[in-house]
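The values are calculated or read from the model by the stated rules, or taken from the named source; none is laboratory data. Computed from a prediction, not measured in an experiment: that's the story for all the values here. Neighbour counts run over all protein chains shown; Cβ positions are idealised from the backbone, glycine included. Ligands, DNA and RNA are stripped out before the accessible areas are found, and what is left, the full protein with its side chains, is counted by its heavy atoms. Shrake-Rupley method; radii C 1.70, N 1.55, O 1.52, S 1.80 Å.
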Amino acid sequence: MIAGTYRSRPLVAPPGTATRPTSDRLRETLFNVLALRIAGTRFADLYAGTGAVGIEAISRGAEHVFFSETNAKALTAIRANLKSLDLRSGYTLEPAGTATLLKRIVKQGNVLDVVFLDPPYDEAEEYTRTLSTLGSEGFAASLAEDVLVLAEHTRKQPLSDRYGRLARTRTLLQGDAALSFYSIGEPVVELPALVD
C-alpha cells in the first residue's frame, strides 16, 4: 500500500527472493522525513524492485520519477503497478540498470532533487559504484544544490561517510535496515565514476 493521491492502492511484488522490497514501515519513515520535499521534485528510484518508493513519490506530487531495474520479474511488477494506477507519464523506466540511467540523465541534462537507492544488501560494490558516481564531479551538474541522496542498506554493513562531493549527514536505523542520508559537502579526493 502507498500513501498520497494513490493511497491504499495495493502494489504487486515479484515472486521469489530475488528482490527485497523496502518494508512498509521503513518507506513510511522515509516519506515522513521527505514529506515537505517531494512535491515538484525530480526523484530517482534506483534498483527499484517493485517501484513502490518511486510510485509513492509520484503519489505525493513528484514531478518526474526515474526508475532503474534489471531483474525481469521486478520490471514486470513495476510495469503492472504503473498500469494498475493508470500512470502514463511523469516517469522514466530504465531496464538496462542504474549505470545506464545515470549516464542518460547526464546526457539529457536532467537534474535530480532526491535520489533513493536500494541495491541488494549483499552487493556492496553497487553501493560504492553508484554513490561514487553520484558524488563525482562528472555528475555534479545533474544534482540540485540541495539534493538529498538516501541509501537503504543493512545496519551490519555501514556505508562510508564520504563519496566524492557527497557527505553523510544522518543515519536512521530500523530493525536490520538503515537509511543513510547524503548531501553535497566540501569536495574531497575524487572517487572513480561510471559517467564518462
Might you work out the accessible area of Tyr91 for me, using a 1.4 Å probe with all protein chains in place, and round it to the nearest 10 Å²? 70 Å²
Normalised per residue, the volume of the convex hull around the Cα set of segment 56-128 (Å³): 108 Å³
Determine the equivalent ellipsoid of segment 82-160 by diagonalising the alpha-carbon gyration tensor, then write out the semi-axes as square roots of 5 times the eigenvalues, largest first, rounded to whole Å. 22, 18, 12
Hey, can you rank 43-52, 98-107 by average C-beta count inside 10 Å, highest first? 43-52, 98-107
Rank these residues by their accessible area, most exposed first, probe 1.4 Å: Thr41, Thr171. Thr171, Thr41
Rg over Rh [alpha-carbon atoms, Kirkwood Rh] for segment 36-176: 0.94
